[in-house]
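Remarks on the structure that follows.
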Amino acid sequence: MTKAAVFRAEGIGKSYPGVRANDDVSFSVGSGRIHALLGENGAGKSTLVKMIYGLVRPDDGRMLLNGQPHDPSDPRAARAAGVAMVFQHFSLFDALTVAENIALGMENPPPRRELAERIRKVSHDFGLPLNPARRVVTLSAGERQRVEIIRCLLQDPRLLIMDEPTSVLTPQEADLLFATLRKLADQGTAILYISHKLDEIRTHCDSATILRHGKVVDSCNPRDHSARELAAMMVGGEMRVIDRSGRNAGDVLLRLSNLSLPAPTAEGTALKNIALTLHAGEILGIGGVAGNGQEELLAALSGELRSAPGTVVLEGDDLGGAGPETRRKAGLLAAPEDRLGHAAVPDFSLTENTLLTAGPRKGLVRNGLIDNAAARRFAQDVIREFDVRTPGPHTAARALSGGNLQKFVIGREVMQAPRVLVVNQPTWGVDAGAAAAVRQSLLDLARSGAGVIVISQDLDELIELSDRFCALNEGRLSDPRPTEGLTLDEIGLMLGGAHGMEVAQI
Amino acid sequence: MIRLVPRAEASAAWQFATPLLAVLATMLTGGLLFAVMGYDPVAAIRTIFWDPLFGMASSYSRPQLLVKAAPLILIASGLAIGFRAGIWNIGAEGQYIIGGITGAAVALAAYPSEGMWIFPAMVIAGAMGGWAWGMIPALLRNWFGASEILVSLMLVYVAERVAAWMAFGPMKNPEGFGFPGSRNLQQYPAAANPELIAGTGAHWGVVAAAAAVLVTWFLMSRHIRGFHIRAAGLAPRAARFAGVRPGTLVAFCLGLSGAFAGMAGLFEVAGPAGQITDSFGSGYGFTAIIVAFLGRLNPVGILLAGLLLALTYIGGELAQLTLQLPAATVQVFQGMLLFFLLGFDLLTRFRIARRITA
């Protein structure tokens, strides 16, 4: 039953200053298998695959590929040995066509006509419709990923590494991807699949290696375990159960109507006629694939982007033309996606970072004068209430881990007792424990009678939190629907996922 | 092999050590340079750094210290605020010249009437002139996205031309026997900026510089606007999130540094310089950039750096007189200071490690 191992790692170790990123990691991936590498952020998954792909060299241990020692000095050597990798973030040139982009990534690209033919053949064989003559700028995220995958397939890899490939895909696009991976595995390619999405791993992967703090804690067949068991292995303890109880929708708090804004930058998205109402005690989830106006919507609510009078009304208070400080005083608070550099100043201490938003509501600034003692006390309160692991309020924001800084940033807003809180990607890149704490704090805030808007690309999170759900697609907001009873398929269609199913224009 | 390893956090000790190291390195390399040129390096260094304060001619040169340091500190205090916000006013020299001209214009218009109002009105006019000259790059940046670095710098040369035109044209002294240059304000008591305490060199500009140090220290460390300025320099998006409007900040910083430079120009024209001439610009506006960085953009640091740079000015002149060192010495010295400071600055963010060769 066990097929020959295509790739085997034996006792791999790697240290960075102050961190043991990998410690004695051993596992193997058999031919024709989809093998999951599962772990929280910071568990050492990225370091491990970087070593396989030749971006980083291991300190200890050895790797074998097809029985041969595998010690690539750079990605080129790794590719030559038969390793291919699809990164989470694409490296494509928007202005070039699909074929040109693929040719750029090849060592010896064949003539254009021949390359186009090979792209068509591979895309047809694997059910990845793609027209080689199209410009990348016109492609959806799912289609861009296909370009990267086809680029890999043309190398005829023995081992294909996929780094969180579904994070940018709609559910329908993800299904299409798995069908392709299965086809590829059936031809004997080994696939190393990195993710923290438990459900897709349980459905699609044949085996799994679970990493925690750089070590292998378990290997299993993910189909034999529940998502909860897998999560417990990943985190090393029971997951906190989210408590949704005790909330009733009350009066309308926030009303957006006819909110339209031009794209603030060349790469930005224009907001088109956004309308929504948010009730007290309610959590409204806004889903969508990245780059469909999420950042712009948050900026339009935080006050970084101002809009026409009457477009943003909080409890009868017209805030359309108001800036961030006025909106905070009125009770409309926000926490942007980018923790370092947007929600917090990396070089400022946590105390100083409270002054970024909490000045007016917490009395940290009076007549323009900063009350440093009050700011420090508030920072300490946030650190204590939100269990932020840090030496103290004098620590620079950049010195905190992602999860801890996120807890601080969310805590800073929640503890100002907002009437409405808007968050974008509240648990992005955060370990499971911190994510659960952040989500619970949002639910608790809603229970206390505030309204919460959660903008996220994580559908599981939106389903877990929100009472109503709407989708943001190319700057347009769909009508909200009650989350209860909504299936993933329906959500996918709301997200405009239909474009993943189109027959390609070949 | 030696290589640089980034530090996790900027080293506080090196923040203080680098300016001192830079001064030391300047002395050493400067001495080496003098030795190569055939001068006694020890005598030259002593003439520049020691004699102005404690040497034979110190009764003349010591007051000069405050006279030279005041405009440097006043201008650098304003510049540092913009530099903290990432707004680069390189044209303080131009704002200084225009401030001198507008301030002098009030005096020349009022001449020969007497009145307590004249000098205060000149100070306000000088500040307004510098402010207006600083607002040109601010508005061009806000409206058209023009680089304030280039615009402010180029406006220096425009200001120099304006000064020459004033000296030869509208402001020319009618009783000046045809020589270019305005009336000498030192001889017009209502408009003069005299030495306040005899023998110290302290004039109103020194008072203004001291006030500027206090005001900017208060602004940057106690006031929310100073906090926003620092945030904008470190993380512009976070500052916008906090409620800072970038355009307003650009106008504030360029306006404030322009006003400070303009005031410095006024105190100079009404005091040590005495008149508007075609060579009124004397490089204070550029040297103040060195002062701002040497002082770590910190008000107290700027105070010390301003005094040090003033010392190199006076010491350099003294060395020209007594040792016949070339006039360019001072500039070489000041250039070396900035060069070494920026070089050693690397050590605040990086540490040196030996590469272990396999």
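The values are calculated or read from the model by the stated rules, or taken from the named source; none is laboratory data. Just so it is clear, the model here is predicted, and its values are computed rather than measured. Glycine gets a Cβ as well: all are built from the backbone with ideal geometry, and neighbour counts include every protein chain shown.
Determine if the range B:294-317 includes at least one residue that is under 25 Å from B:Ser59 (Cα atoms), part of a helix (DSSP H, G or I) and among the polar types (S, T, N, Q).
For the range B:294-317, residues under 25 Å from B:Ser59 (Cα atoms), part of a helix (DSSP H, G or I) and among the polar types (S, T, N, Q): present.
I'd like to know if the range A:398-409 contains one or more residues that are surrounded by fewer than 18 Cβ atoms within 10 Å (Cβ to Cβ), within 14 Å of another protein chain (Cβ to nearest Cβ) and in contact with a Pro (Cβ under 9 Å, 6 or more places away or on another chain). Spell out the reasoning first.
Quick first cut of the range A:398-409, residues surrounded by fewer than 18 Cβ atoms within 10 Å (Cβ to Cβ) only: A:398-399, A:401-402.
So of that shortlist, the ones also within 14 Å of another protein chain (Cβ to nearest Cβ) come out as A:398-399, A:401.
Right, trim to in contact with a Pro (Cβ under 9 Å, 6 or more places away or on another chain) and you get A:398-399.
Looking through the range A:398-409, at least one residue is surrounded by fewer than 18 Cβ atoms within 10 Å (Cβ to Cβ), within 14 Å of another protein chain (Cβ to nearest Cβ) and in contact with a Pro (Cβ under 9 Å, 6 or more places away or on another chain).
If we scan the range B:78-86, do we find a residue that is assigned to a loop (DSSP other than H, G, I, E, B) and either closer than 30 Å to B:Met154 by Cα or free of Cβ contacts under 8 Å to residues at least 60 places away in the same chain (or both)?
yes
Examine the range B:258-271 for a residue that is part of a loop (DSSP other than H, G, I, E, B) and of a type outside the set (A, V, I, L, M, F, W, C), and state whether such a residue exists.
Yes.
Modelled with pLDDT under 90 and out of contact with any Cys (no Cβ under 8 Å at 6 or more places or on another chain): does that describe A:Gly82?
Answer is no for this residue.
A:Arg412 versus (1) surrounded by 24 or more Cβ atoms within 10 Å (Cβ to Cβ); (2) within 14 Å of chain B (Cβ to nearest Cβ); (3) modelled with pLDDT under 95: which is the lone unmet condition?
Evaluating A:Arg412 over (1) surrounded by 24 or more Cβ atoms within 10 Å (Cβ to Cβ); (2) within 14 Å of chain B (Cβ to nearest Cβ); (3) modelled with pLDDT under 95 leaves (3) as the failure.
Looking at the range A:180-198, which of its residues are under 17 Å from A:Met233 (Cβ atoms) and at pLDDT 90 or above? Outline the logic, then answer.
Initially, the range A:180-198 is screened for residues under 17 Å from A:Met233 (Cβ atoms), giving A:193-198.
Residue satisfying the conditions is A:Tyr193 alone.
Filter the range A:199-217 down to residues that are over 17 Å from A:Ile12 (Cβ atoms), modelled with pLDDT under 90 and surrounded by fewer than 22 Cβ atoms within 10 Å (Cβ to Cβ), then give me how many there are.
So the answer is 4.
In the set B:Ala261, B:Ala211, which member is farther than 18 Å from A:Ser349 by Cβ and either surrounded by 23 or more Cβ atoms within 10 Å (Cβ to Cβ) or at the interface with chain A (Cβ under 8 Å from one of its Cβ atoms) (or both)?
Being farther than 18 Å from A:Ser349 by Cβ and either surrounded by 23 or more Cβ atoms within 10 Å (Cβ to Cβ) or at the interface with chain A (Cβ under 8 Å from one of its Cβ atoms) (or both) holds for just one of B:Ala261, B:Ala211, which is B:Ala261.
Anything in the range B:228-252 that is of a type in the set (A, V, I, L, M, F, W, C) and more than 9 Å from every other protein chain (Cβ to nearest Cβ)? List them, or say none.
Pass one, the range B:228-252, residues of a type in the set (A, V, I, L, M, F, W, C): B:229, B:231-232, B:234-235, B:238-239, B:241-242, B:244, B:249-252.
Matches in the range B:228-252: B:Ile229, B:Ala232, B:Leu249, B:Val250, B:Ala251, B:Phe252.
Could you grab me the full set of residues in the range A:45-83 that are over 17 Å from A:Ile12 (Cα atoms), of a type outside the set (Gly, Ala, Ser) and exposed (fewer than 14 other Cβ atoms within 10 Å of the Cβ)?
A:Asp74, A:Arg76
Residues that are more than 10 Å from chain B (Cβ to nearest Cβ): find the helices (runs of 4 or more DSSP H) completely inside the range A:285-390 holding 3 or more of those.
Ranges flagged: A:294-302, A:350-357, A:372-385.
Quick one: B:Arg84 ticks every box in (1) under 22 Å from B:Arg296 (Cα atoms); (2) basic (Lys, Arg); (3) surrounded by fewer than 15 Cβ atoms within 10 Å (Cβ to Cβ) except a single one, so which number is it?
Every listed condition holds for B:Arg84 apart from (3).
For the range B:186-211, how many residues meet the condition of being closer than 25 Å to B:Ser257 by Cα and either modelled with pLDDT of 95 or more or outside any loop (DSSP other than H, G, I, E, B) (or both)?
So the answer is 8.
Tell me whether the range A:129-137 contains one or more residues that are under 21 Å from A:Ile201 (Cβ atoms), at pLDDT below 85 and surrounded by 20 or more Cβ atoms within 10 Å (Cβ to Cβ).
Within the range A:129-137, not a single residue is under 21 Å from A:Ile201 (Cβ atoms), at pLDDT below 85 and surrounded by 20 or more Cβ atoms within 10 Å (Cβ to Cβ).
Identify, please: which residue in the range B:11-34 is loosely packed, with under 14 Cβ neighbours inside 10 Å and of a type in the set (Gly, Ala, Ser) and is, among those, nearest to A:Ala397 (Cα to Cα)?
Among those residues, the one meeting the criterion is B:Ala12.
Table: residues versus (1) in contact with an Asp or Glu (Cβ under 7 Å, 6 or more places away or on another chain); (2) surrounded by 22 or more Cβ atoms within 10 Å (Cβ to Cβ).
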{"position": "B:Val36", "(1), (2)": "no, no"}
{"position": "B:Pro41", "(1), (2)": "no, no"}
{"position": "B:Lys68", "(1), (2)": "no, yes"}
{"position": "B:Leu72", "(1), (2)": "no, yes"}
{"position": "B:Leu79", "(1), (2)": "no, yes"}
{"position": "B:Asn89", "(1), (2)": "yes, yes"}
{"position": "B:Ile98", "(1), (2)": "no, yes"}
{"position": "B:Thr102", "(1), (2)": "no, yes"}
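Does the range B:25-71 hold any residues that are aromatic (Phe, Trp, Tyr) and over 30 Å from B:Ala270 (Cβ atoms), and which are they?
Scanning the range B:25-71 gives B:Phe34, B:Tyr39, B:Phe49, B:Trp50, B:Phe54.
Which one is surrounded by the fewest Cβ atoms within 10 Å (Cβ to Cβ) among residues in the range A:420-461 that are acidic (Asp, Glu) and over 19 Å from A:Ala249 (Cβ atoms)? Write out each step before concluding.
Within the range A:420-461, the first condition is being acidic (Asp, Glu), and the residues that meet it are A:431, A:444, A:458, A:460-461.
Within this subset, residues satisfying the condition of being over 19 Å from A:Ala249 (Cβ atoms) are A:431, A:458, A:460-461.
Working: A:Asp431: 21, A:Asp458: 19, A:Asp460: 13, A:Glu461: 21.
Filtering the range A:420-461 for residues that are acidic (Asp, Glu) and over 19 Å from A:Ala249 (Cβ atoms), the one surrounded by the fewest Cβ atoms within 10 Å (Cβ to Cβ) comes out as A:Asp460.
Kindly indicate whether any position in the range B:197-215 is more than 21 Å from the chain's Cα centre (by Cα) and touching a residue at least 60 places away in the same chain (Cβ under 8 Å).
yes
Would you point out the residue of the range B:229-239, among those that are surrounded by fewer than 23 Cβ atoms within 10 Å (Cβ to Cβ) and in contact (Cβ under 8 Å) with a residue 12 or more places away in the chain, that is farthest from the chain's Cα centre (by Cα)?
Ranking the qualifying residues of the range B:229-239, first place goes to B:Pro236.
In this structure, does A:Gly268 turn out to be assigned to a loop (DSSP other than H, G, I, E, B) and more than 14 Å from every other protein chain (Cβ to nearest Cβ)?
Against the criterion (assigned to a loop (DSSP other than H, G, I, E, B) and more than 14 Å from every other protein chain (Cβ to nearest Cβ)), A:Gly268 does not qualify.
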